[in-house]
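First up is the structure itself, then whatever we jot down about it.
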Amino acid sequence: MRLHVVHHGIRRRRALRRRALWAGGELLVTVGVLMLLLVAHQLWWTNRQARQGAEHQVEALEREWEGGHGDPGGSSDTGEGGDPGGSSDISEGGDPGTGDGRDSGTSVPSASPDPPRERPAADDRPSTPRRSQAYAILTVPRLDLRVPVAEGISKPNVLNKGYVGHYPGTQQPGQAGNFALAGHRNTHGEPFRYINRLRPKDTVEVETGTATYTYTVDRTLPQTSARDAGVIQPIPRSTVHPGHGYTDPGFYLTLTTCTPEYTSRYRLVVWAKLAKVRPR
């Protein structure tokens, strides 16, 4: 009967291999846990924080308006610093429009259509708010959405707070031209996550300290380039897909966000038209 002889060197090598495999397994488990924590932070914690902050800002605006302070310059949210996203370009970064500083050329069209019913006088229109200042409330009944609108599209000062951002250089609510907004589709409150569910004739309301503007959804551009700045022009029309958009002046609302979900490669665009103005 043969006896197997195991040398001490072989035992040491086997022990080293076992320890290396164990250490590698522990490292992989640790990395996996850290990745799960990061995903949980992005998908849950940032949403929770942003939604709470947005809800508090909506309440603050409502209290302010009830107190009779309709001027956007008196909003309770002044933001932190200036808004670096001063362009109406919708291209840079992982969000609709962090901008590169180019002028969007969003002047009021020379030919103005018939105004909607109950349109307030020009003096009642909202003045230009400060950068990063929350000054309006966007309500979308179909999506059960009620969220602040702030001036500018800065990520840290506007979008990451769960707010919807107004593209600088585009018109204000109720003005002739295009009132264009951007919002996150995923993380940080994701207010525009489900705007792809909007259908023609759905209503979208924009409340300010002076009036409530009711828009009706008219058209959707499911996907376009992140650099398609034509969709937020005074007469919105895609430069990438010229068949999508408008040719006549009007009172437009544009909602933009990233698409597909969890990416920032393209933009989803929803257009609406002003139907009614109700002064406060």
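Please treat every number below as a calculation from the coordinates, not as lab data. Remember, predicted model here, so these are calculated numbers, not experimental data. So basically every Cβ, Gly included, is an ideal-geometry build from the backbone, and we count neighbours across all protein chains shown.
Of the trypsin sites (Lys or Arg not before Pro) found in the range 131-208, those that fall in a DSSP loop while having at most 16 other beta-carbon atoms within 10 Å are 201. To the nearest µm²/s, what D does Stokes-Einstein give for the range 131-280 at 10 °C and 1.306 mPa s, using the Kirkwood radius over alpha carbon pairs as Rh? After rounding, the answer is 106 µm²/s. Please work out the Cα center distance from the range 242-257 to the range 192-214, rounded to the nearest Å. That distance is 15 Å.
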